[in-house]
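Visitor: Sharing a structure here in structure tokens format.
The values are calculated or read from the model by the stated rules, or taken from the named source; none is laboratory data. Just so you know, these numbers come straight off a predicted model, no measurement behind them. Virtual Cβ from ideal backbone geometry, glycine too; neighbours counted across all protein chains shown.
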Amino acid sequence: MTPGLIYALVGIVLFVLAAGGVILLTHPVRRILAFNLMGSGVFLVLVGLAQRDGQADPVPQAMVLTGIVVSVAATALALALARRLAAGDGDA
Amino acid sequence: MREAVRIAVLLGGGALAVGLIAAVLDLPPPAVDLPEAVAAHMAQSGVEHPVTAVLLNFRGYDTLLEVAVLLLALLGVLTVVGNEAGTPGTAGAPDPVLQTLARLATPLMMLAAGYLLWAGAHRPGGAFQAGAILAAAAVLLNLAGVLPAWAVPRFWLRLGMAGGLLIFLAIAAGLLGQGALLRYPPEWAGTLILIIEAGLALSLGLILAGLFLLLGERGERR
């Protein structure tokens, strides 16, 4: 059981917990945060799994770096939509 | 009914977790040795850090499209807030200690961003980290009440936000003669990557800051 493999397993647990959150939580902001956490779980699996034999792999690391920035942007867009939804002016 | 859904999700989630963990533990070793392939081509990449080499050279088009996705998200945020009447600021009186600290921290953060941008060529760092720090500086100034939230951006801010992608696209277009998208000539690779990264760091900082500041409380300066 290498540290990389432990990261990957923790990532799986995080992903499943967050997926449960997306289904069970009702408040939009909580749901968005849970969705974001699902992504973090996936990143942890990608990076952890790639270095499970002890050697770091730059390719998944670069992909995850890309993914983190995209997930920040997606979360911001989702929050903007949620705020618009909360404002509740259906005149769009 | 609600309780039944909860139990079903818990059981399903547990089964999913067990299945995924079993699958990961059962994975065979990778068929392609990517670290080996990266290490073999490092000499032509123009940089000395493998992650930067993958990000901006070997898989540069991923990064190119990523910046496009960021701009798209920003456009989405602009569309959503564009026709929203700015809510007046609700924060109390500005805190002088917080404002002074934010003003002191900002130049240091810009310095750190510049260093990270430069360091990306040979150690962990690069455009994304530098952009994140620049954006964090803007957010800090906004939260401390020094920098007001942004209204819908005008030409120069828009140009700054799109500039990183435009520079990247211009270099990609200029290099199409090399036969493949974003194949740099090895002797120019280091310089081109630094130009792209500098543009990206500035644009990413503005975009990430914009994602926060465009959603901030607009209206009177607090």
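Visitor: Go through segment B:180-207 and count every residue that is surrounded by fewer than 16 Cβ atoms within 10 Å (Cβ to Cβ) and among the hydroxyl-bearing types (Ser, Thr, Tyr).
Guide: 1
Visitor: Another question, if that's okay. List every residue pair whose Cβ atoms sit under 7 Å apart, with the two residues 6 or more apart in sequence or on different chains, where the first one lies in segment B:99-123 and is under 29 Å from B:LEU56 (Cβ atoms) and the second, anywhere, is of a type in the set (Ser, Thr, Tyr).
Guide: B:GLY120/B:THR52; B:ALA121/B:THR52
Yes or no, residue by residue, for (1) facing chain A (nearest Cβ under 7 Å); (2) surrounded by 12 or more Cβ atoms within 10 Å (Cβ to Cβ):
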position	(1), (2)
B:MET1	no, no
B:LEU11	no, no
B:ALA17	yes, yes
B:ALA23	no, no
B:LEU34	yes, yes
B:ALA43	no, no
B:GLY46	no, yes
B:LEU55	yes, yes
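The rows are residues; the columns are (1) among the basic types (Lys, Arg); (2) in contact (Cβ under 8 Å) with a residue 24 or more places away in the chain; (3) surrounded by fewer than 20 Cβ atoms within 10 Å (Cβ to Cβ).
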| position | (1), (2), (3) |
| --- | --- |
| A:LEU37 | no, no, yes |
| A:PHE43 | no, yes, no |
| A:ARG52 | yes, yes, no |
| A:GLN55 | no, no, yes |
| A:PRO58 | no, no, no |
| A:VAL69 | no, no, no |
| A:ALA80 | no, no, no |
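Visitor: Let me ask something else. Somewhere in segment B:67-75, is a residue under 22 Å from B:ILE207 (Cβ atoms), surrounded by 18 or more Cβ atoms within 10 Å (Cβ to Cβ) and modelled with pLDDT under 90?
Guide: no
Visitor: Which is closer than 16 Å to B:ALA73 by Cβ and within 18 Å of the chain's Cα centre (by Cα), of B:ALA137, B:ALA127, B:ALA201, B:ALA132? Working first, answer last.
Guide: Numbers: B:ALA137 fails: closer than 16 Å to B:ALA73 by Cβ; B:ALA127 fails: closer than 16 Å to B:ALA73 by Cβ; B:ALA201 fails: closer than 16 Å to B:ALA73 by Cβ.
When all the criteria are applied, what remains is B:ALA132.
Visitor: Let me ask something else about it. Got at least one residue in segment A:69-84 being of a type in the set (A, V, I, L, M) and over 20 Å from the mean Cα position of the chain (by Cα)?
Guide: No, segment A:69-84 contains no residue that is of a type in the set (A, V, I, L, M) and over 20 Å from the mean Cα position of the chain (by Cα).
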